[in-house]
Every structure is written in C-alpha cells, then in structure tokens.
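The values are calculated or read from the model by the stated rules, or taken from the named source; none is laboratory data. As the structure is a prediction and not an experimental result, all values here were calculated from the model. Using ideal geometry, Cβ is built from the backbone for each residue, glycine included, and neighbour counts are taken over all protein chains shown. These accessible areas exclude ligands, DNA and RNA; they are computed on the full protein's heavy atoms, side chains included. Shrake-Rupley method; radii C 1.70, N 1.55, O 1.52, S 1.80 Å.
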Amino acid sequence: TDKTFVADRISSLRTLLNRYYLTTTWALDIIERMEAVRHEPDMSQQVSEIFTEYSDNGRLAMIREIPYMNGIMDQLLECVNDSDWTKVTAIKTSIETSRK
C-alpha cells in the first residue's frame, strides 16, 4: 500500500541520513587528528597510522561506501601528499556545512 511504501521510504532515508552523519563524524575526526600532527617530523607516518586504525576497525570502509565521502577520503590523502593544508581546511568546512 501507499502508506507502507511511504513509511519504508522515510525509514530508509532516516537510515541513510544517520549513516551519513556517522561517517562525516568519523571523517571530521580523521581531519582533526591529521591537523594535530601536521607539524610533526613524522607527520606522514602518523597520518598513515590514523588511516590504518580506521581501516582496521572497519570505519574507513563504511565511510568509503558513500560515494561523496569516498571522494573526500581520496582528496584528504592527496592533500597530505601535497602538504596542502588549506584544502584540508576547505574539505572540513564543506563537510561541516553539509551536516547542517
């Protein structure tokens, strides 16, 4: 029936929004941890460890399941390789804006 269809759609949308909020929370944690070590001499090693931790606990895979967030993770890794912290800040701002 139409009511069941609408209820199912609302439920699946709610699930998707909850997943998006959760994955953006994790992405912001990654960014904040990256920013905290950016001036360290072993910065790239520490960033690698952050991504390894998120990979090992399964959260990175969950983040990457969302196409937009998968692109964000790729951009973050590029930023670290290029030492482009201005772009990291821009990514952080865009994630925060998308959550409003």
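Among (1) of a type in the set (S, T, N, Q); (2) under 18 Å from Glu96 (Cα atoms); (3) in contact with a helix residue (DSSP H, G or I) (Cβ under 9 Å, 6 or more places away or on another chain), there is one condition Thr25 misses while meeting the rest; what is its number?
All conditions pass for Thr25, except number (3).
Checking Glu96 against (1) in contact (Cβ under 8 Å) with a residue 24 or more places away in the chain; (2) of a type outside the set (Phe, Trp, Tyr); (3) open to solvent by less than 70 Å² (accessible area, probe 1.4 Å): exactly one of these is not met. Which one?
It fails just one condition, (3).
For the structure I just gave you, tell me whether Ser44 is surrounded by fewer than 12 Cβ atoms within 10 Å (Cβ to Cβ), more than 12 Å from the chain's Cα centre (by Cα), at negative phi and in a helix (DSSP H, G or I).
no
Please enumerate the residues belonging to the range 61-88 that are of a type outside the set (D, E, K, R) and touching an Asp or Glu at 6+ places or on another chain (Cβ under 8 Å).
Selection gives Trp85, Val88.
Are any of the residues in the range 62-72 open to solvent by 70 Å² or more (accessible area, probe 1.4 Å), closer than 16 Å to Arg19 by Cβ and not in a helix (DSSP H, G or I)?
yes
Quick one: how many residues across the range 1-34 are more than 27 Å from Thr93 (Cβ to Cβ) and surrounded by fewer than 11 Cβ atoms within 10 Å (Cβ to Cβ)?
Matching residues across the range 1-34 total 11.
For Val37, state whether it is surrounded by 12 or more Cβ atoms within 10 Å (Cβ to Cβ) and modelled with pLDDT under 90.
Taking the combined requirement at face value, the residue does not satisfy it.
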